[in-house]
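Presented below is the structure to which this report refers.
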Amino acid sequence: MRKKKAAPKRGTYGKKAGFRRVYKKRGADDRNYENPLYVRWRNRVRERDNKTCQWPGCGKRGSLQVHHILKWSEHPLLRYEVSNGICLCSKCHKKIWKKENEFAAFFMSILSMKLAERLKKT
Ligand SMILES: [Zn+2]
């Protein structure tokens, strides 16, 4: 049986986020969104972020995407590392397109502040 679900989802994602050209150009983005490891990683990040966009001041709960803070293509060992993921809505995700590396430290500081808050509470 062929995976009918995966293909259109990926297409829509690419179209909406403007990633299609990147896929074509690089050809290196071989990620499979249906991979159980990927699914588990995505779910864990969503749970941790309370299914909310983590961009400061956004807090949107719809059309969430899980972003790799350190890029998928450049950091294979961190692909399924929960601390390397962050929830962003599609709008906020677009803001950082092609600037992923510039934003890595920014997202890490957001996550570490949240972690510190959580540790204080417990
Ligand atoms: Zn957002």
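Is one or more of the residues making up the range 76-90 at pLDDT 95 or above, assigned to a helix (DSSP H, G or I), of a type in the set (S, T, N, Q) and within 16 Å of the ligand (Cβ to nearest atom)? Scanning the range 76-90 turns up at least one residue that is at pLDDT 95 or above, assigned to a helix (DSSP H, G or I), of a type in the set (S, T, N, Q) and within 16 Å of the ligand (Cβ to nearest atom). Selection within the range 37-75: residues that are among the hydrophobic types (A, V, I, L, M, F, W, C) and more than 24 Å from ARG118 (Cα to Cα). The member of this set that is nearest to the ligand (Cβ to nearest atom) is TRP72. Scanning the range 107-122 for residues that are in a helix (DSSP H, G or I) and loosely packed, with under 14 Cβ neighbours inside 10 Å yields a total of 10.
The values are calculated or read from the model by the stated rules, or taken from the named source; none is laboratory data. From a predicted model like this one, the values you see are computed outputs, not experimental measurements. FYI the Cβ positions are ideal-geometry reconstructions off the backbone, even for glycines, and counts take in every protein chain you see.
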